[in-house]
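As structure tokens, the structure follows; a few thoughts come after it.
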Amino acid sequence: MANLIIWRHAEAEAQSESGHDRDRVLTKRGRKDAGRIAKWLYKHLPEHTELLCSPARRCLQTADALHDLNQMEIKIADCLSLDSHVGRMTQEIDNQDDTQTIILVGHQPNLGLFIAKLLGFHQSACVVKKGAIWWLKQRKLDGVSHYYIEAVKQPGF
């Protein structure tokens with residue numbers, strides 16, 4: 001993939017009506033922040049972008065902010081679910097087309113662990129704030145993928 005955009009869901013309610021974590025919804029601020037990031041992404045995204053999303057409601061609502069702007073299909077990816085792990089994410093992303101842009105909408109700490117792994121950081125995880133994106137670029141040298149940071153954007157900036 002030429003571009004990998006990692007987007008943490010925006011701020012969500014502390015609890016859901018059902019009591020299940022997966023059913024938590026975005027707060028008013030979360031919806032506003034998701035909209036801000038979606039507008040920025042919409043202006044900067046290349047064509048041929050795929051949007052993969054955790055099945056958790058707050059992630060789907062975050063991704064919906066971008067879908068509302070450009071009707072991009074949201075594909076549910078179990079590898080991004082609350083009970084997934086970084087190894088599963090890595091395996092799934094390795095199987096994607098490496099010529100397009102992929103957006104992953106998911107959760108901490110897995111997103112931060114995934115970024116740290118891709119960038120070769122020695123720390124266990126990067127901090128991905130609620131609603132923020134990390135835009136990584138991939139470069140292949142001798143068949144080996146190398147990632148670097150293109151941009152980090154938070155809703156308030």
Residue match in the range 32-39 (condition: within 12 Å of the chain's Cα centre (by Cα), farther than 21 Å from Gln138 by Cβ and outside any helix (DSSP H, G or I)): no
Subset of the range 101-124 (residues that are buried (at least 17 other Cβ atoms within 10 Å of the Cβ), hydrophobic (A, V, I, L, M, F, W, C) and in a helix (DSSP H, G or I)): Leu111, Leu113, Phe114, Ile115, Ala116, Leu118
Pairs with Cβ under 8 Å, 6+ apart, first in the range 90-117 and farther than 19 Å from Tyr42 by Cα, second among the basic types (Lys, Arg) and in a helix (DSSP H, G or I): Thr90/Lys117
Residue pairs meeting the criteria (Cβ under 6 Å; at least 6 apart or on separate chains; first within 17 Å of Leu104 (Cβ to Cβ), in the range 137-157; second in a strand (DSSP E or B) and among the small types (Gly, Ala, Ser)): Gln138/Ser145
Considering residues of the range 1-21 that are modelled with pLDDT of 95 or more and among the charged types (D, E, K, R) only, the residue farthest from Cys59 (Cα to Cα): Glu13
When residues of the range 125-142 are limited to those that are among the β-branched types (Val, Ile, Thr) and buried (at least 20 other Cβ atoms within 10 Å of the Cβ), the one nearest to the chain's Cα centre (by Cα): Ile133
Test: residue in the range 3-17 that is part of a helix (DSSP H, G or I) and over 12 Å from the mean Cα position of the chain (by Cα): no
Selection count, the range 130-157, where residues are touching a strand residue (DSSP E or B) at 6+ places or on another chain (Cβ under 7 Å), on the phi < 0 side of the Ramachandran plot and assigned to a loop (DSSP other than H, G, I, E, B): 2
Residues being among the basic types (Lys, Arg), more than 13 Å from Gly131 (Cα to Cα) and surrounded by 15 or more Cβ atoms within 10 Å (Cβ to Cβ) - total across the range 29-52: 0
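The values are calculated or read from the model by the stated rules, or taken from the named source; none is laboratory data. Here the structure is a predicted model, which means the values were calculated and not measured. Methodologically, a virtual Cβ is constructed for each residue, glycine included, from the backbone with ideal geometry; neighbour enumeration extends over all protein chains shown.
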